[in-house]
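Each remark here refers to the structure printed beneath this line.
No value in this document is a laboratory result; all are computed from the given coordinates. All values derive from a computational prediction rather than experimental measurement. Please note: Cβ atoms are built from the backbone with ideal geometry, for glycine as well, and neighbour counts cover all protein chains shown.
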Amino acid sequence: MRDVVVLLISWGSALLISLGLRWWGDQHPAALQAPWAVVLAIVLLPALLMAGWVLWSAAGPGDGEGGESTDSDQETH
């Protein structure tokens, strides 16, 4: 049930944002002139943040905590 709620919130918010941008575009028909720095930030920032998150989570804890146990005696007792 929780997954359905998250899915509905995600898709619902995306739909509302899309409708809002569509309405705003109808109200302002002139072309939007964005500076190149803003365009690069919008295009590259999500990819860079996700790459950093993947690299950070892949590094994980280096002190042996987390992950699978390597001590088989501990698992049998």
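First measure r as the distance between the Cβ atoms of Ser57 and Trp36, then evaluate 1/(1 + (r/R0)^6) with R0 = 22 Å and state the FRET efficiency to the nearest 0.05. Approximately 0.10, to the nearest 0.05. Decide, for the range 15-62, between rounded, prolate and oblate: order the square roots of the alpha carbon gyration tensor eigenvalues as a ≥ b ≥ c, take rounded if a/c falls under 1.5, and otherwise choose prolate if a/b is larger than b/c, else oblate. Oblate shape, in that a/c is at least 1.5 and b/c is the bigger or equal ratio. Taking label positions 7 Å along the Cα-Cβ direction at both Met50 and Ala14, the computed distance is 1.1 nm, reported to one decimal.
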